[in-house]
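Note sheet for the following structure.
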Amino acid sequence: MTARTLFDRIWDAHVVQELADDVALLYVDLHLVHEVTSPQAFAGLRAAGRSVRRPELTLATVDHNVPTGDRSLPVDDPVAARQLDALGANAREFGIELFDLASPNQGIVHVIAPELGATQPGMLIVCGDSHTSTHGAFGAFALGLGTSEVEHVLATQCLVLAKPRNLEAHFTGVRATGVSAKDLILALIGRIGTAGAVGHVIEYTGDAIRALTMEERMTVCNMSIEAGARAGMIAPDETTFDYLSGRPRAPVGGAWDRAVERWRALRTDPGARYDTRVTLDASSVAPQVTWGTHPGMVVDITGRVPNPADLPTDHERRAAARALEYMGLTPGTPLEGIPIDRVFVGSCTNARIEDLRAAASVVRGLHVAPRVRAMVVPGSQRVKREAEREGLDRVFREAGFEWRNAGCSMCLGMNADVLGVGERCAATSNRNFEGRQGRGGRTHLMSPTMAAAAAIAGQLVDVRAWRRAEVA
Amino acid sequence: MEPFVRHRGKAAALPRQDVDTDQIIPKQFLRGLERTGLGASLFFDWRAQPGFELNDPATEGASILITGPNFGCGSSREHAVWALAEYGFRAIIAPSFADIFFANCCRNGVVPVQLGPALVDTLMQRAQRATVGGARRYEVVVDLAEQSVSDESGFVAPFAFDPYRRELLLRGLDEIDRTLLEEPRIAEYERLHQ
Ligand code: SF4
């Protein structure tokens with residue numbers, strides 16, 4: 001048998017039928033559903049008189065437009081309430097398990113499935129959401145779909161896909177203190193561009209990846225889509241098994257042992273060929289901050305806002321000039337020292353317990369700068385409870401942060417959490433597109449510690465230097 | 001789905017790269033329960049800006065969009081394609097597309113045509129020249145059966161297209177119906193993977 005990559009292995013194991021050259025019908029192991037991209041899919045099923053083929057492999061939660069304030073109050077936005085109610089009704093009608101606003105398991109879809117142990121190595125996981133790539137951290141093939149595909153999976157438990165190519169992103173070396181998983185992935189996107197991995201599945205390899213915790217691996221895989229990739233994945237290892245062991249949906253006893261044995265085989269054979277390969281030295285990566293209106297417009301915090309005139313193509317020059325105008329920035333301005341109005345610690349990229357611990361460690365005993373409004377939105381109610389058990393909520397509150405309930409919140413501003421026109425935000429989320437966090441809002445993407453430090457300083461700062469200054 | 005064999009229509013140029021689906025249809029329009037009613041909100045925020053290309057009355061009635069690389073990146077929201085389709089676009093020509101967006105187009109009878117950057121530039125310039133001041137109509141033919149793009153001024157370029165998707169588009173087939181033809185295979189897979 002020829003040498004195969006991790007992705008080839010998972011692909012082969014899920015082929016139900018080859019439909020054409022390189023196009024296959026694949027079987028889906030786990031289908032995650034949320035309120036915003038599913039109503040039309042359920043309506044389609046109903047109109048065609050179809051049912052959900054495997055409701056027990058389908059899991060629903062509400063996250064995108066849920067309010068993150070007081071959960072004892074009714075949802076006061078009638079439009080949001082209509083979508084939340086629709087998902088409730090659809091879940092009941094089609095027999096799908098739902099974590100609604102009252103559920104202790106509610107949270108961002110890409111945070112809850114891993115923490116429940118529903119996300120497992122070797123699986124094919126889909127969701128009507130582009131950041132489904134997050135689940136690849138477990139050595140799964142996890143990809144985002146449009147609503148018609150969601151309907152297709154509900155009806156058939158299968159997916160039609162042209163096989164993507166393989167891209168290896170190899171991270172050597174050891175990360176410096178103050179440099180996070182978020183910086184690694186932002187640096188990669190900065191290098192290869194937002195279309196750098198279109199048509200590919202990225203496998204992240206190398207010592208710097210092996211050294212990551214599961215939560216850090218999720219941060220990396222989460223942003224694969226921001227490089228244009230169909231999915232991102234990391235071969236499972238002891239870190240993966242330790243994380244999963246004892247989780248509510250993970251196998252137990254003999255089934256666990258058999259599963260781990262199977263999972264150990266999920267790796268790329270020596271000599272297997274990737275279509276594309278990129279190498280990045282993790283020890284040379286500095287904390288990253290975006291300056292523009294897509295995640296590829298990123299520089300080291302020690303850098304400056306670039307000059308569009310220095311860019312190679314006309315398209316890029318125009319795009320950069322437009323981005324700077326939108327962002328209200330002048331070429332040559334040092335990133336450090338740019339004043340901010342808002343801070344958002346949240347999203348499926350960086351709102352897990354380790355992220356909150358990291359951010360809390362920076363703000364402990366300090367206070368948010370006077371003009372700045374800062375909020376922490378845990379990725380799930382489980383994360384929230386754990387943080388409260390550890391007293392992190394108090395650390396944040398005492399530092400002047402708002403402490404919220406779980407949801408997507410200001411990552412995309414579908415609920416009441418939005419930026420005002422011209423407001424500048426240090427955000428731990430994954431997209432700095434125009435208007436993403438609110439019409440006219442300006443987003444700078446960065447790691448949780450960088451965002452936390454910015455909240456205290458009232459401006460963008462290098463968390464490495466800033467920490468030394470704090471200690472001195 | 002409406003079949004797509006060959007379409008001749010007015011072309012509009014949107015010379016921008018990395019146009020993300022948040023721009024195509026901002027989040028405030030994702031709150032509905034239907035696939036319809038989105039066309040009027042296409043590029044909502046950009047439409048409020050005076051210089052936005054599609055504000056030019058000369059682009060009115062365009063059914064083919066010519067644009068820059070990595071079109072449709074970002075969010076998986078199919079609402080972006082529903083909005084483009086309802087607005088009247090039947091084909092989009094660009095040097096490259098984001099993967100999820102590409103798939104979403106195919107499932108809604110909108111044909112994403114990938115051409116080399118120089119070819120797209122040629123079409124873009126011709127469309128821009130024609131639409132400036134609304135002097136005349138610039139029409140392009142997207143022929144999925146022949147897999148070619150052409151205009152009346154001698155432009156002809158072939159394009160590649162995944163044969164499986166092409167067949168569904170040409171015949172306007174429902175993909176779920178097509179997949180259900182494989183029912184015995186699906187059941188067999190399930191039996192083997194209990
Ligand atoms: S947190 Fe943001 S990126 Fe993640 S699923 Fe929610 S809206 Fe999408």
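The values are calculated or read from the model by the stated rules, or taken from the named source; none is laboratory data. Just so it is clear, the model here is predicted, and its values are computed rather than measured. As a convention, Cβ positions derive from the backbone with ideal geometry for all residues, glycine included, and neighbour counts pool all protein chains shown. Note: accessible area is taken over every heavy atom of the protein model, side chains too, but ligands, DNA and RNA are not part of it. Shrake-Rupley method; radii C 1.70, N 1.55, O 1.52, S 1.80 Å.
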Against the definition (away from the ligand (no atom under 16 Å from the Cβ), at pLDDT below 95 and surrounded by 18 or more Cβ atoms within 10 Å (Cβ to Cβ)), how does residue A:66 come out, yes or no? no
Scan region A:111-122 and tell me whether some residue there is assigned to a loop (DSSP other than H, G, I, E, B), within 18 Å of residue A:259 (Cβ to Cβ), more than 14 Å from every other protein chain (Cβ to nearest Cβ) and among the hydrophobic types (A, V, I, L, M, F, W, C). yes
What residue, among those in region A:435-446 that are more than 16 Å from the ligand (Cβ to nearest atom) and in a loop (DSSP other than H, G, I, E, B), is surrounded by the most Cβ atoms within 10 Å (Cβ to Cβ)? A:439
Given the conditions (1) buried (at least 19 other Cβ atoms within 10 Å of the Cβ); (2) of a type outside the set (A, V, I, L, M); (3) away from chain B (no Cβ under 11 Å); (4) in contact (Cβ under 8 Å) with a residue 60 or more places away in the chain, every one holds for residue A:401 apart from (4)
Name every residue in region B:144-171 that is at positive phi and within 14 Å of chain A (Cβ to nearest Cβ), in order of residue number. none
On the basis of being open to solvent by less than 20 Å² (accessible area, probe 1.4 Å), within 15 Å of the ligand (Cβ to nearest atom) and farther than 17 Å from residue A:355 by Cα, does residue A:412 make the cut? yes
Test for residue A:146: is it more than 21 Å from residue A:352 (Cα to Cα) and within 16 Å of the ligand (Cβ to nearest atom): yes
Which residues, taken from region A:92-104, are more than 16 Å from the ligand (Cβ to nearest atom) and not basic (Lys, Arg)? A:93, A:94, A:95, A:96, A:97, A:98, A:100, A:102, A:103, A:104
So residue B:123 ticks every box in (1) of a type outside the set (D, E, K, R); (2) at pLDDT 95 or above; (3) under 30 Å from residue A:29 (Cβ atoms) but one. Which box is left unticked? (3)
Please verify whether region A:153-161 includes one or more residues that are within 16 Å of the ligand (Cβ to nearest atom) and open to solvent by less than 10 Å² (accessible area, probe 1.4 Å). no
Are there any helices (runs of 4 or more DSSP H) wholly within region A:332-430 with 3 or more residues that are of a type outside the set (A, V, I, L, M, F, W, C) and within 30 Å of residue A:60 (Cα to Cα), and if so which? A:353-363, A:381-389
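Looking at region A:331-356, which of its residues are among the β-branched types (Val, Ile, Thr) and within 10 Å of the ligand (Cβ to nearest atom)?
As a first pass, look at region A:331-356 and keep what is among the β-branched types (Val, Ile, Thr): A:333, A:338, A:340, A:343, A:345, A:349, A:353.
Scanning region A:331-356 gives a single hit, A:349.
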Does region B:46-60 contain at least one residue that is in contact with a Cys (Cβ under 6 Å, 6 or more places away or on another chain), open to solvent by less than 40 Å² (accessible area, probe 1.4 Å) and not hydroxyl-bearing (Ser, Thr, Tyr)? no
Residue among A:136, A:128 that is surrounded by 24 or more Cβ atoms within 10 Å (Cβ to Cβ), within 14 Å of chain B (Cβ to nearest Cβ) and within 15 Å of the ligand (Cβ to nearest atom): A:128
